[in-house]
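I have placed the structure first, in the form of structure tokens, so that the comments after it can refer back to it.
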Amino acid sequence: MKKLLPLLLALLLLFSCAKAEPYSDTYYLMGTNCTVTLYGKKDAAYLPDCFSLLRDFESKISANSDSSEIAEVNKNAGLTPVVVSDVTFDLIETALALYEVTDGSFNPFLGKITSLWSEAREKEELPSFDLIEFYLPYADACYLVLDKEARSVYLRDENVALDLGGIAKGRAGDLLKAFLKEKGVKSALINLGGNIATLGSKPDGSAWVIGLQNPDAERGSWYERVEVKDESVVTSGAYERYFVLDGVLYHHIIDPETGLPASSSLLSSSIISKDGALADALSTAVFVKGAKEGMALLDKLDVKGVLATKDGEILRN
Ligand code: AMP
Ligand code: MG
């Protein structure tokens with residue numbers, strides 16, 4: 001036994017020093033590639049559950065699917081309230097709060113207008129500006145009726161539609177983190193098409209290093225890395241979804257004041273927060289507001305951001 005002891009100790013040391021191997025899975029969900037990375041075989045067993053959760057979330061929230069709860073609410077606009085799941089109700093409540101916090105720069109009621117623009121992107125032709133002008137006044141919180149007791153959502157006019165695309169991936173990351181945390185998982189990296197959520201720190205205790213996408217690859221003028229623990233890093237940029245017509249770039253982030261792609265002073269806005277839904281909504285809102293107003297909002301809310309301006313500057317608070 002005496003002889004065996006050093007050997008056992010050495011083995012123990014070896015095991016405790018062994019690096020937890022990363023295990024990743026990627027699926028195309030919510031209109032983008034979603035990758036979840038967990039560490040060690042035991043935690044990796046939760047990967048299928050993570051994607052079931054994401055699929056379930058998408059099936060409730062998607063504005064594109066005809067059968068989602070959001071689609072049901074939109075179809076019944078001007079007709080009748082729709083009872084929804086807690087996940088959907090909570091997200092609409094959060095979206096409403098952030099609409100108010102951002103003075104409407106984050107506007108989840110733009111559904112009619114964002115579908116005109118996504119159709120335009122598909123066909124690569126301009127939408128009807130008359131229709132955009134017609135729908136614009138309806139993109140307003142005054143048409144939303146939430147009944148907390150009944151968990152029902154009602155849009156008071158048929159010309160209003162919800163689009164939670166500017167906040168959904170952030171919340172999806174939060175839900176995944178909560179699920180994994182409950183299972184005792186300490187480290188996870190969640191990448192939902194560039195919306196990053198981190199659970200805890202890396203298995204070795206160090207911070208996650210997140211590279212911010214170069215928003216203007218042609219110029220290659222900047223590339224930023226941020227270090228986070230248990231936080232989300234969410235980026236909005238004009239380069240994500242767009243089409244070009246007669247030399248003009250039409251992207252997917254809409255200025256709620258005009259109904260047109262926001263003519264922002266920014267190329268991209270990245271927000272860092274423990275609250276992924278907040279980071280997501282703010283990334284969209286700050287992009288719409290531009291450098292000066294956007295940074296003022298982040299300072300007011302005490303939220304961290306990295307903004308890339310069209311002038312080639314990188315602003316941080
Ligand atoms: P993100 O990439 O997070 O900035 O979200 C952009 C998506 O949110 C778009 O594809 C639209 O579905 C939706 N959206 C566009 N403009 C806005 C806006 N001003 N407020 C809220 N959602 C928006
Ligand atoms: Mg967003």
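Does the range 73-88 contain any residue that is touching a Phe, Trp or Tyr at 6+ places or on another chain (Cβ under 6 Å) and surrounded by 15 or more Cβ atoms within 10 Å (Cβ to Cβ)?
Within the range 73-88, the subset touching a Phe, Trp or Tyr at 6+ places or on another chain (Cβ under 6 Å) is 81.
Applying the additional criterion that residues be surrounded by 15 or more Cβ atoms within 10 Å (Cβ to Cβ) yields 81.
Checked the range 73-88: at least one residue is touching a Phe, Trp or Tyr at 6+ places or on another chain (Cβ under 6 Å) and surrounded by 15 or more Cβ atoms within 10 Å (Cβ to Cβ).
Is it the case that some residue within the range 132-144 is more than 13 Å from ligand 1 (Cβ to nearest atom), without any contact (Cβ under 8 Å) to a residue 40 or more places away in the chain, over 18 Å from Leu260 (Cα atoms) and within 19 Å of the chain's Cα centre (by Cα)?
Among the residues of the range 132-144, not one is more than 13 Å from ligand 1 (Cβ to nearest atom), without any contact (Cβ under 8 Å) to a residue 40 or more places away in the chain, over 18 Å from Leu260 (Cα atoms) and within 19 Å of the chain's Cα centre (by Cα), which makes the answer no.
Which of the residues belonging to the range 176-209 are in a strand (DSSP E or B), away from ligand 1 (no atom under 16 Å from the Cβ) and in contact with a helix residue (DSSP H, G or I) (Cβ under 9 Å, 6 or more places away or on another chain)? Full working, then the answer.
If we filter the range 176-209 for residues that are in a strand (DSSP E or B), which is where we start, we get 188-192, 195-199, 208-209.
Now narrow it down to the ones that are away from ligand 1 (no atom under 16 Å from the Cβ): 188-189, 198-199, 208-209.
Passing the criteria: Ala188, Thr198, Leu199.
So Val153 clears everything in (1) within 27 Å of Val234 (Cα to Cα); (2) surrounded by 15 or more Cβ atoms within 10 Å (Cβ to Cβ) except one condition, right? Which one?
So Val153 meets the others, but not (1).
What tally of residues in the range 259-317 results from selecting those that are assigned to a loop (DSSP other than H, G, I, E, B) and within 30 Å of Ser201 (Cβ to Cβ)?
Just the residues of the range 259-317 that are assigned to a loop (DSSP other than H, G, I, E, B), to begin with: 259, 262-265, 274-275, 290, 302-303, 310-313, 317.
Those still in the list that are within 30 Å of Ser201 (Cβ to Cβ) too: 274-275, 302-303, 317.
Going through the range 259-317 one residue at a time, the tally reaches 5.
Answer yes or no as to whether Ala285 is under 21 Å from Leu175 (Cβ atoms), within 10 Å of ligand 1 (Cβ to nearest atom), in contact (Cβ under 8 Å) with a residue 24 or more places away in the chain and within 18 Å of the chain's Cα centre (by Cα).
no
State all residues of the range 225-267 that are among the small types (Gly, Ala, Ser), under 18 Å from the mean Cα position of the chain (by Cα) and more than 8 Å from ligand 1 (Cβ to nearest atom); if no residue qualifies, say none.
Ser232, Ala238
Which residues, taken from the range 39-63, are more than 20 Å from the chain's Cα centre (by Cα) and either buried (at least 19 other Cβ atoms within 10 Å of the Cβ) or assigned to a loop (DSSP other than H, G, I, E, B) (or both)?
Tyr39, Gly40, Asp43, Ala44, Ala45, Tyr46 - these are the residues of the range 39-63 that are more than 20 Å from the chain's Cα centre (by Cα) and either buried (at least 19 other Cβ atoms within 10 Å of the Cβ) or assigned to a loop (DSSP other than H, G, I, E, B) (or both).
Condition test on Ala95, is it modelled with pLDDT of 95 or more, assigned to a helix (DSSP H, G or I) and touching a Pro at 6+ places or on another chain (Cβ under 9 Å)?
yes
A quick yes/no check of all residues on (1) among the acidic types (Asp, Glu); (2) within 23 Å of Phe287 (Cα to Cα); (3) in a loop (DSSP other than H, G, I, E, B); (4) modelled with pLDDT under 95:
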residue	(1), (2), (3), (4)
Ser65	no, no, yes, yes
Val73	no, no, no, no
Ser115	no, yes, no, no
Asp130	yes, no, no, no
Val145	no, no, no, no
Glu149	yes, no, yes, no
Ala172	no, yes, no, no
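When residues of the range 98-131 are filtered for being more than 13 Å from ligand 1 (Cβ to nearest atom) and small (Gly, Ala, Ser), how many remain?
1
Filter the range 97-108 down to the residues that are of a type outside the set (Asp, Glu) and exposed (fewer than 15 other Cβ atoms within 10 Å of the Cβ) and list them by number.
Ala97
Where the second residue is in a helix (DSSP H, G or I) and surrounded by 15 or more Cβ atoms within 10 Å (Cβ to Cβ) and the first is acidic (Asp, Glu) and lies in the range 66-83, which pairs have Cβ atoms under 8 Å and are six or more apart or on separate chains?
Correct list of pairs: Glu69/Lys60; Glu69/Ile61; Glu69/Thr88.
Mind checking whether some residue in the range 71-78 is closer than 17 Å to Lys169 by Cα and within 20 Å of the chain's Cα centre (by Cα)?
Among the residues of the range 71-78, not one is closer than 17 Å to Lys169 by Cα and within 20 Å of the chain's Cα centre (by Cα), which makes the answer no.
Please find, among Leu98, Leu110, the residue that is touching a helix residue (DSSP H, G or I) at 6+ places or on another chain (Cβ under 7 Å) and not small (Gly, Ala, Ser).
None of the other options fit; the residue is Leu98.
The values are calculated or read from the model by the stated rules, or taken from the named source; none is laboratory data. Not measured: the values here are computed from a predicted model. Backbone-built Cβ (ideal geometry, glycine too); neighbour counts: all protein chains shown.
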